[in-house]
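The values are calculated or read from the model by the stated rules, or taken from the named source; none is laboratory data. Values in this document were obtained by computation on a predicted structure and should not be read as measured data. Note that we place each Cβ from the backbone using ideal geometry, even for glycine, and neighbour counts take in every protein chain shown.
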Amino acid sequence: MRKEQITAAQLADMITRQIGANGVQVFVRRDHAYGWRPTIVAAPSDVIGFQRRADEIAHRLRVRFDLQT
């Protein structure tokens, strides 16, 4: 099955919405090991906790989406 190609901004928006906390900002970048990876660039508290959550969400989203080239 072919994965849908979407932009880094779209992936970041999906992750931000699924985290569901005000003040969280996510940046998505290309990664040679995983294809793409989210990074929390701003959070109201506990950046490490939000990063873990973003990584969990990304793990599920990578099944359906590839980063657009």
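Observations, loosely collected:
- Only one of ALA43, ALA58, ALA54 that is of a type in the set (A, V, I, L, M, F, W, C), surrounded by 15 or more Cβ atoms within 10 Å (Cβ to Cβ) and touching a Gly at 6+ places or on another chain (Cβ under 8 Å): ALA43
- Options ASP31, ASP13; residue that is at pLDDT 95 or above, out of contact with any helix residue (DSSP H, G or I) (no Cβ under 6 Å at 6 or more places or on another chain) and closer than 14 Å to ILE57 by Cα: ASP13
- Only one of the numbered conditions (1) in contact (Cβ under 8 Å) with a residue 40 or more places away in the chain; (2) loosely packed, with under 12 Cβ neighbours inside 10 Å is violated by GLN68, and that is (2).
- Restricting attention to segment 6-40, the residues that are touching a strand residue (DSSP E or B) at 6+ places or on another chain (Cβ under 7 Å), surrounded by 11 or more Cβ atoms within 10 Å (Cβ to Cβ) and of a type outside the set (Lys, Arg) add up to 17.
- First in segment 32-47 and in contact (Cβ under 8 Å) with a residue 60 or more places away in the chain, second anywhere and surrounded by 14 or more Cβ atoms within 10 Å (Cβ to Cβ), Cβ under 8 Å, 6 or more apart: none
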